[in-house]
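Q: Structure incoming, see below.
The values are calculated or read from the model by the stated rules, or taken from the named source; none is laboratory data. Just so it is clear, the model here is predicted, and its values are computed rather than measured. Ideal geometry is used to build each Cβ from the backbone, glycine not excepted, and the neighbour counts take in all protein chains shown. To get the accessible areas, we keep the full protein, side chains included, count just its heavy atoms, and leave off ligands, DNA and RNA. Shrake-Rupley method; radii C 1.70, N 1.55, O 1.52, S 1.80 Å.
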Amino acid sequence: NAGVMQNPRHLVRRRGQEARLRCSPMKGHSHVYWYRQLPEEGLKFMVYLQKENIIDESGMPKERFSAEFPKEGPSILRIQQVVRGDSAAYFCASSPPPGTGLSYEQYFGPGTRLTVT
Amino acid sequence: DQQVKQNSPSLSVQEGRISILNCDYTNSMFDYFLWYKKYPAEGPTFLISISSIKDKNEDGRFTVFLNKSAKHLSLHIVPSQPGDSAVYFCAASRSGGSNYKLTFGKGTLLTVNP
């Protein structure tokens, strides 16, 4: 019974490089949310995706950040030209589809800790 | 503007006693509330939730109380156990659509002393 999978768990990038974070939702879940946690802060919503569709990206920085959830394969959060301020823990969560009565509850992966040097 | 606030950064209680964690919110559109527990270097784990149509929800040692008029909720853990030591996050969501993105507080670090 696999939960939400994220990889890599730790990622170190130099300033200016690209970071790719992957998330595989729980079996049967078709909705993925990405959150970012800065030090000493709570989790902040970034983007909400369904398969092949971005539903809400209101929490994404306007530049350098993008996300996708293709028909096949994991969801990917991509950060181009990383800067030191991007250092954070990035969490992915998945939920059942709306209408199931359980779609309010999100289940989180272990996170990817990105360090930009 | 922080819409979900957990004003106590930390709380320390004795094993066997009650732990009470508090949370306030400002957005009256929130109608579903959740508590998550988080250990270091792990993702948040869902604990318990409550809909705004209720004022109490209980699951084993965990009870969540909601006071809509005060925009306040609390999580009670009784009896507290050392394994409960973790950071607890309060989160809120809005229904009325298909986007259930969560707004989190900053968390409260609970320490249960043996």
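Q: Restricting to DSSP loop positions (anything but H, G, I, E, B) with no more than 10 other Cβ atoms inside 10 Å of their own Cβ, which GluC sites (Glu not before Pro) remain in the stretch A:19-113? Intermediate values should be presented prior to the final figure.
A: Working: sites: A:Glu40, A:Glu41, A:Glu52, A:Glu57, A:Glu63, A:Glu68, A:Glu72, A:Glu105; in loops: A:Glu40, A:Glu41, A:Glu52, A:Glu57, A:Glu63, A:Glu72, A:Glu105.
Loop-located and lightly packed - A:Glu40, A:Glu52, A:Glu63, A:Glu72.
Q: Here's a follow-up. Student exercise: in the protein assembly as shown, how many lysine pairs 8 or more apart or on different chains have Cα atoms under 18 Å apart?
A: Here the count comes out as 24.
Q: Another one. Kindly give the semi-axes, whole Å and largest first, of the ellipsoid equivalent to chain A, taking each as the square root of 5 times a Cα gyration tensor eigenvalue.
A: Calculated on Cα positions only, the semi-axes equal 24, 14, 13 Å.
Q: Could you sort B:Asp55, B:Asp31 by accessible area so the largest value comes first, with the probe set to 1.4 Å?
A: B:Asp55, B:Asp31
Q: Please report, in debye to the nearest 20, how large the charge dipole of the protein assembly as shown is about its Cα centre when each Lys and Arg carries +1 at its beta carbon and each Asp and Glu carries -1 there.
A: 520 debye
Q: Cα extents of the stretch B:1-47 along the three principal axes, largest first, in whole Å?
A: On the principal axes, the stretch B:1-47 reaches 37, 23, 19 Å in Cα extent.
Q: Report P(r) for chain B: all Cα-Cα distances, bin width 5 Å, range 0 to the bin holding the largest distance, values in whole percent.
A: In whole percents, the pair-distance histogram is 2, 12, 24, 25, 20, 10, 5, 1, 0.
Q: Rolling a 1.4 angstrom probe over the protein chains, ignoring ligands and nucleic acids, what is the accessible area of A:Arg15 in square angstrom, nearest 10?
A: My reading of the accessible area for A:Arg15 is about 150 Å².
Q: How large is the accessible surface of B:Thr26 in square angstrom, using a 1.4 angstrom probe and rounding to the nearest 10?
A: It works out to around 70 Å².
Q: Right, something else. How do A:Met26, A:Met46 rank by accessible surface area computed with a 1.4 Å probe, from largest to smallest? Before the final figure, lay out the partial values.
A: Details: A:Met26 45, A:Met46 5 Å².
So, going from the largest accessible area down, we get A:Met26, A:Met46.
Q: Another question, if that's okay. Need one value for A:47-55: mean number of C-beta atoms belonging to other chains within 10 Å of its residues' C-beta atoms.
A: 1
Q: Next question, about the same structure. Once you average over the residues of B:25-35, how many Cβ atoms of partner chains fall within 10 Å of each Cβ?
A: Details: counts 0, 0, 0, 0, 0, 0, 1, 2, 1, 3, 0.
So the per-residue partner count for this stretch is 1.
Q: If you average the sequence gap of Cα pairs under 8 Å that are 6 or more apart and divide by the length of the stretch B:49-114, what percent do you get for the contact order? Present the calculation step by step, with values, prior to reporting the outcome.
A: Values: 90 pairs, mean separation 15.6, N = 66.
Averaging sequence separation for qualifying contacts and normalising by length gives 24 percent for the stretch B:49-114.
Q: With a cut-off of 8 Å between alpha carbons and a minimum separation of six or more residues, what is the relative contact order of chain A in percent?
A: Value for chain A: 36 percent.
Q: Sticking to Cα atoms, compute the Rg of the protein assembly as shown to one decimal and its Dmax as the biggest Cα-Cα distance, whole number, in Å.
A: Spelled out, the Cα radius of gyration and Dmax of the protein assembly as shown are 17.6, 51 Å.
Q: Once neighbouring chains are kept in place and the probe is 1.4 Å, which whole percent of the accessible area of the protein assembly as shown is contributed by carbon and sulfur?
A: Ligands and nucleic acids excluded, carbon and sulfur reach 48 percent.
Q: Oh, and also: Just the number please: accessible area per residue for the stretch B:1-107, 1.4 Å probe, all protein chains included, in Å².
A: Result: 48 Å² of accessible area for each residue.
Q: To the nearest 10 square angstrom, how much accessible area does B:Val87 have with a 1.4 angstrom probe?
A: The accessible area of B:Val87 comes to roughly 40 Å².
Q: Sticking with this one: Which whole-number percentage describes the relative contact order of chain B, with Cα contacts under 8 Å and a sequence gap of 6 or more?
A: 37 percent
Q: If you take the accessible area of A alone, add that of B alone, and subtract the area of the pair, what total do you get in Å², probe 1.4 Å, to the nearest 100?
A: Chains A and B together bury roughly 1900 Å² of accessible area.
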